[in-house]
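Student: Before we start, here is the structure in question, set down as structure tokens.
Rule-based calculations on the coordinates, nothing more; no lab input. Worth saying up front: this structure is predicted, and the values here are computed from it rather than measured. Here the Cβ positions follow ideal geometry from the backbone for every residue, glycine too, while neighbour counts run over all protein chains shown.
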Amino acid sequence: MLVCYRAGNMRELVVLFGGPSSERKVSVASAQNVASVLDQADAWFWAPGGEIHAVDRAALLAHERPFEIEFVARSAPSHPSLQDALDDPRVSGTTFFVALHGGVGENGTVQKMFEQRRIAFTGPGSDASAKAFDKEWAKRLAAAAGVPVADSVHLPRGDEATVGSALLGFLARHGRVVAKPVADGSSVGLHQIAATGDEYLAEAFVAGTELTVGVVDDDRGTRALPASEVRLDAGRAFDYDGKYLGKGTREITPAEVPAKVSRAAQQVALNAHKALGCEGYSRTDVICGDRGPVFLEINTLPGLTRMSFVPQQLAAEDTSLKSFLEAQIALARRRRDRG
């Protein structure tokens, strides 16, 4: 009998968190916030080594400083892998609230596992997740739908000379660029780009106000949430410390911009959400400059921590986190039943 079962039966709802991604700590914080509201849910921790641990809600909620300290399960694994856990026949009627972020938890891999087994799960499906996780793919689809995007160039894998050659003409045209991994992270320097061995996307720098907008699907249809504004102290970047430890950043919800600017950013987020085929919820980052809003990227499993943008935006429109979570669970079940 597995630790995660009670009286021989699986609970109807499980919050899945952790995973092998570098964003595992953020996932723990999201799971804490979700579990604090969904008191009927069990919790599964996907350990970095791949094992699944059934975790007591009290232990999850008691974990302190989740953005800084790794969560460690105290119980023995209930399953050696996520695949084994999902193949257990007693899991077939369970709905999973996916509180994973980054990597295989967000790029469509885990979503495909659920779909293949007809298990209900929250967040967009595997196809939309894969498209959104690949920044170049997402950008092409958004542009094809009429969403404004910045000029960009692909930086291939290679040494510093190879990357520098690809950047040279682009820099000559634009003067200032922002480089980010095609399937991860944020801006880094040229030497760091070459050293990682990853593929990067370099975009022309767009000056303006940085906004981020959540989009939600529920029984009322698809809607954009109030925009949030990100303000940085001089010399600071919106990096991990800025996003999650509040160092050198200020997040303002609703954004302190003219109403027409906020509406334009919301329309970009709506169009991107639909262009990629998202169903559930997403969050789109936008730069609003002199020529209007420009799409940056879309996240299909944005953070749901107490300090994350989507909970801020839900509160700004007077929607409780509980009603949002329950609507996402209901949507997940309807999608499963559609086949």
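Student: Which ³J(HN,Hα) values, rounded to whole Hz and listed in residue order, are derived for the stretch 126-136 from phi using the Karplus coefficients 6.51, -1.76 and 1.60 in 6.51 cos²θ - 1.76 cosθ + 1.60 with θ = phi - 60°, glycine and proline given as x?
Tutor: My calculation for the stretch 126-136 gives 5, 5, 5, 5, 5, 5, 5, 5, 8, 4, 5 Hz in order.
Student: Hey, for a label at Arg291 modelled as a point 7 Å past Cα toward Cβ, could you say which residues of the stretch 123-149 have their backbone N under 13 Å away?
Tutor: So the set is 148-149.
Student: Per DSSP H run of n ≥ 4, the term is -39500 (n - 2.57); total these for the chain, divide by its residue number, and report the mean residue ellipticity at 222 nm rounded to 500 deg cm²/dmol. Kindly include the intermediate steps, with their values, before the conclusion.
Tutor: On the way: 12 runs with 123 residues, N = 339.
Calculated mean residue ellipticity at 222 nm is -10500 deg cm²/dmol.
Student: With 20 Å as the cut-off, how large is the P(r) tail for the stretch 1-150, expressed as percent of Cα-Cα pairs?
Tutor: Counting every Cα pair in the stretch 1-150, those more than 20 Å apart make up 49 percent.
Student: Using only Cα atoms, locate the centre of the stretch 94-133 and the centre of the stretch 46-65, then give the distance between them in Å, rounded to an integer.
Tutor: 20
Student: Distance cut-off 24 Å, Cα to Cα: go down the list Lys139/Lys322; Lys112/Lys274; Lys139/Lys180; Lys112/Lys180; Lys180/Lys322 and report the pairs above it.
Tutor: Going by Cα-Cα distance, Lys139/Lys322; Lys112/Lys180; Lys180/Lys322 fall outside the 24 Å limit.
Student: Which residues' amide hydrogens lie under 5 Å from the amide hydrogen of Gly125, considering only partners 5 or more residues apart or on another chain, with H built in the peptide plane?
Tutor: Glu279
Student: For Thr95, what residues show an amide H to amide H distance below 5 Å, using hydrogens built from the backbone and excluding near sequence neighbours?
Tutor: Leu13, Val14
Student: For the stretch 269-333, treating each Cα as an identical point scatterer without solvent, what Debye log10 I(q)/I(0) comes out at q = 0.15, 0.23, 0.27 1/Å?
Tutor: -0.55, -1.11, -1.27
Student: Here's another thing I want to ask about it. As a test of understanding, state the convex hull volume per residue of the chain from its alpha carbons, in Å³.
Tutor: With only Cα atoms used, the chain gives 138 Å³ per residue.
Student: Compute the Rg to Rh ratio over the stretch 35-104 from the alpha carbon atoms, using the Kirkwood formula for Rh, and round to two decimal places.
Tutor: On the way: Rg = 12.5 Å, Rh = 13.3 Å.
Radius of gyration over Kirkwood radius for the stretch 35-104 works out to 0.94.
Student: Remind me, what semi-axes does the stretch 77-178 give for its equivalent ellipsoid, largest first in whole Å, using sqrt of 5 times each Cα gyration tensor eigenvalue?
Tutor: After diagonalising the Cα gyration tensor, the semi-axes are 39, 17, 9 Å.
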